[in-house]
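The values are calculated or read from the model by the stated rules, or taken from the named source; none is laboratory data. For clarity, every value in this text was computed on a predicted model and none was experimentally measured. FYI the Cβ positions are ideal-geometry reconstructions off the backbone, even for glycines, and counts take in every protein chain you see. Keep in mind that these areas ignore ligands, DNA and RNA; they rest on the heavy atoms of the full protein, side chains included. Shrake-Rupley method; radii C 1.70, N 1.55, O 1.52, S 1.80 Å.
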Amino acid sequence: TKVYLGEYAAKDKKLIDALAEGLYLLHVERNGDVVSMTSYAPLFARKNATNWNPDLIYFDNERPYLTCSYYVQQMFGQSAGQYYYGNCVTYEGDEPGMEQPLADSHYGQSVVLNVKTRQLYVKLCNAGSEPKTAHLNLSRFGIKKTAVKTVLTGAPDAENNYEQQPVAPTTETIKAQKKMSLQLAPYSFTMLQFAL
């Protein structure tokens, strides 16, 4: 039996809420063999004419306003896979053998392999106020020499509304290593994409 987890959302549209949704989706990916779909709700709302808050995308007659949650959803939507690996990432300060994400933690990880596209996705969330160091061990995979790193970060109360400067992900190409450490900024969601 496959499971569809529908209509979830945090109560606001700030970055910290988007990171909470990202932590939730990290848990969902642990059960990707059973959970076949998820959906955020509601999806669209016209500026100053909403019946529900939050929504994923706001719009007016001129343009859309993509929320922080939209960008987290986008990263997960572009990185689905068939296999989950729970022991490839450890966080500095964790006890040996601890597997993230924990139910009560403000940080977590997911490593997912898409066998059709030959892409490995590493997702790292730090919803805390302090930097966090993640250690990756991808020795079991034959990764290529470069990877694409996408980071969404900002102030915890930042939101992509009509007055504020938008919070949007930045992307760069980095050198890929089978064993590497990453410093995760406070209030950040990071995705690494490795070609196999």
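On inspection, residue 44 qualifies as free of Cβ contacts under 8 Å to residues at least 40 places away in the same chain and either within 16 Å of residue 7 (Cβ to Cβ) or in contact with a Lys or Arg (Cβ under 9 Å, 6 or more places away or on another chain) (or both). Reported count of residues in the range 136-151, each being open to solvent by 60 Å² or more (accessible area, probe 1.4 Å) and in a strand (DSSP E or B), is 2. Filtered by the rule that a residue be out of contact with any strand residue (DSSP E or B) (no Cβ under 7 Å at 6 or more places or on another chain) and either under 19 Å from residue 79 (Cα atoms) or open to solvent by less than 60 Å² (accessible area, probe 1.4 Å) (or both), the range 116-135 gives 116, 117. Quick one: count up the residues across the range 67-82 that are closer than 14 Å to residue 43 by Cα and either open to solvent by 50 Å² or more (accessible area, probe 1.4 Å) or charged (D, E, K, R) (or both). Looking only at that region, the number is 2. A residue that is crowded, with 18+ Cβ neighbours inside 10 Å, within 19 Å of residue 189 (Cβ to Cβ), modelled with pLDDT of 85 or more and of a type outside the set (A, V, I, L, M, F, W, C) cannot be found anywhere in the range 92-104.
Only a single item in (1) surrounded by 13 or more Cβ atoms within 10 Å (Cβ to Cβ); (2) among the hydrophobic types (A, V, I, L, M, F, W, C); (3) over 30 Å from residue 115 (Cβ atoms) is not met by residue 35, and it is number (3). Go through the residues of the range 167-174 one by one and say whether even a single one is among the small types (Gly, Ala, Ser) and modelled with pLDDT under 95. Looking for residues that are among the small types (Gly, Ala, Ser) and modelled with pLDDT under 95, one finds at least one in the range 167-174, hence yes.
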